[in-house]
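The values are calculated or read from the model by the stated rules, or taken from the named source; none is laboratory data. Because the structure is a prediction, the values reported are computed rather than measured. Cβ sites come from the backbone with ideal geometry, for glycine too, and all protein chains shown count toward neighbours. Surface accessibility is based on the protein's heavy atoms, side chains included, excluding ligands, DNA and RNA. Shrake-Rupley method; radii C 1.70, N 1.55, O 1.52, S 1.80 Å.
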Amino acid sequence: MNDWARLYQAAIRIRESAPWEWLDEGQIFGVQDPDSGEIGFVSIMGSLGEHYAVASYTGATGLYGFWSLQQMDLASDAGMVLEVPQLQVSFEDRSILTPKDLHVIKQLDLKFRGRGAWPMFRSYRPGYFPWYLESDEIRAFTYVLEQALEVITRAQEDPGMLEPGDDTSYLVQVAQDKGGVLVWDDHVVSVMPPEPESVSVPMDMAALNLLKGLPKSQVSLEVDLSFFPGRIGAKGERPQYAYVLMLVDSNSGFVFGGELLSPDPTFVEMCGTIPMVVARTLARHRLRPREIRVRSQTLLPWLRLLGDDLGFKMTQRSRLPRLDEARDSLNAWLH
């Protein structure tokens with residue numbers, strides 16, 4: 001509870017300082033966790049007056065995931081937010097908080113009143129539901145918020161300090177232990193995009209060879225990977241999402257496949273199975289498509305692997321009308 005108390009006090013001071021009034025979410029800076037050495041890249045949200053929050057994007061993966069989000073149409077691909085590793089505090093109405101959130105607040109004897117006044121802390125990991133902070137995350141996020149307060153106070157007077165150089169350079173707060181006391185200093189750190197995670201991509205060669213022997217059809221498919229409305233995992237553990245991979249005829253709306261996938265052991269390893277799953281689905285229908293259309297940027301590199309073998313065209317589109325109709329029908333049936 002001492003760790004929680006310190007974290008809540010930092011969040012309260014953030015809320016009182018209202019940094020979204022002079023910072024926008026693209027003015028990124030970093031705070032290095034003195035325990036793990038991991039850098040959390042801080043974004044202040046709320047400049048539009050809609051949603052007040054502070055996020056700490058984890059490492060280079062989180063940072064470049066954040067920049068990818070800025071380039072996406074999140075209205076059509078909102079699930080991408082959940083695939084970027086981050087810790088976040090948002091300021092919500094009381095009705096949004098869960099009994100577990102409210103229990104901690106009660107134990108700390110804290111009082112909040114009004115709309116958008118209640119701190120809510122969540123951890124985001126690819127493939128998992130947003131979840132409550134674990135003990136190491138509480139400590140790491142406390143460092144982030146405490147140092148964020150120092151940086152935003154100075155940035156109000158000197159906004160240029162958050163633009164230390166080229167597009168890969170960031171102001172980062174780094175601590176040194178001097179006689180048992182952490183002393184924080186400004187550093188400029190260059191952060192390059194992370195190397196792609198190495199993952200095996202299995203393939204059903206019988207299905208692939210069957211497809212190679214088929215003439216190319218005139219069928220265009222709409223393909224999307226989206227959250228399945230449900231949770232998987234053992235009770236009491238952090239729940240995972242299930243995903244559904246749908247393949248729909250862009251002309252007739254016929255559903256060629258709706259495969260349920262699990263992000264176990266990791267989200268990226270699940271993605272590595274997508275070419276095989278699609279190949280098996282197409283082989284069952286003896287269909288070699290002319291084109292596959294996707295909305296999610298996540299799918300593009302995986303389906304290109306299959307497209308290189310089968311010679312179909314890959315296009316990215318913001319709208320997949322036939323697939324959305326099929327998914328709406330599935331959701332209505334499940335509910």
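Report yes if LYS216 is in contact (Cβ under 8 Å) with a residue 40 or more places away in the chain and of a type in the set (Lys, Arg), otherwise no. So LYS216 fits the description; yes. Taking each residue of region 234-252 that is closer than 30 Å to VAL219 by Cα and assigned to a loop (DSSP other than H, G, I, E, B) and looking for partners that are hydroxyl-bearing (Ser, Thr, Tyr) and at pLDDT 90 or above with beta-carbon atoms closer than 8 Å, six or more apart or interchain, yields SER250/SER220; ASN251/SER220. Scanning region 208-226 for residues that are more than 30 Å from TRP131 (Cβ to Cβ), among the aliphatic types (A, V, I, L, M) and outside any loop (DSSP other than H, G, I, E, B) turns up LEU208, LEU210, LEU211, LEU221. Quick one: is ALA148 surrounded by 14 or more Cβ atoms within 10 Å (Cβ to Cβ), of a type in the set (A, V, I, L, M, F, W, C), within 19 Å of ILE14 (Cα to Cα) and under 22 Å from the mean Cα position of the chain (by Cα)? Spelling it out, ALA148 is indeed surrounded by 14 or more Cβ atoms within 10 Å (Cβ to Cβ), of a type in the set (A, V, I, L, M, F, W, C), within 19 Å of ILE14 (Cα to Cα) and under 22 Å from the mean Cα position of the chain (by Cα). Show the residue pairs meeting these rules: Cβ distance below 6 Å; 6+ apart or different chains; first residue within region 298-316 and more than 17 Å from SER200 (Cα to Cα) and of a type in the set (S, T, N, Q); second residue at pLDDT 90 or above and surrounded by 15 or more Cβ atoms within 10 Å (Cβ to Cβ). Cβ pairs passing all conditions: THR315/ARG293; GLN316/VAL294.
Among the conditions (1) in a helix (DSSP H, G or I); (2) open to solvent by 20 Å² or more (accessible area, probe 1.4 Å), PRO229 misses just one, which is (1). Looking only at residues in region 105-145 that are of a type in the set (A, V, I, L, M), out of contact with any Asp or Glu (no Cβ under 9 Å at 6 or more places or on another chain) and not in a loop (DSSP other than H, G, I, E, B), the one that is surrounded by the most Cβ atoms within 10 Å (Cβ to Cβ) is LEU145. Taken over region 191-226, the criterion of being open to solvent by 30 Å² or more (accessible area, probe 1.4 Å), under 30 Å from TYR64 (Cα atoms) and among the β-branched types (Val, Ile, Thr) is satisfied by VAL199, VAL201.
Entry remark, region 152-168: residues being over 25 Å from the mean Cα position of the chain (by Cα), of a type in the set (A, V, I, L, M) and surrounded by 16 or more Cβ atoms within 10 Å (Cβ to Cβ) number 1 in total.
Every condition in (1) without any contact (Cβ under 8 Å) to a residue 40 or more places away in the chain; (2) touching a strand residue (DSSP E or B) at 6+ places or on another chain (Cβ under 7 Å); (3) surrounded by 15 or more Cβ atoms within 10 Å (Cβ to Cβ) holds for ILE96 except the one numbered (3).
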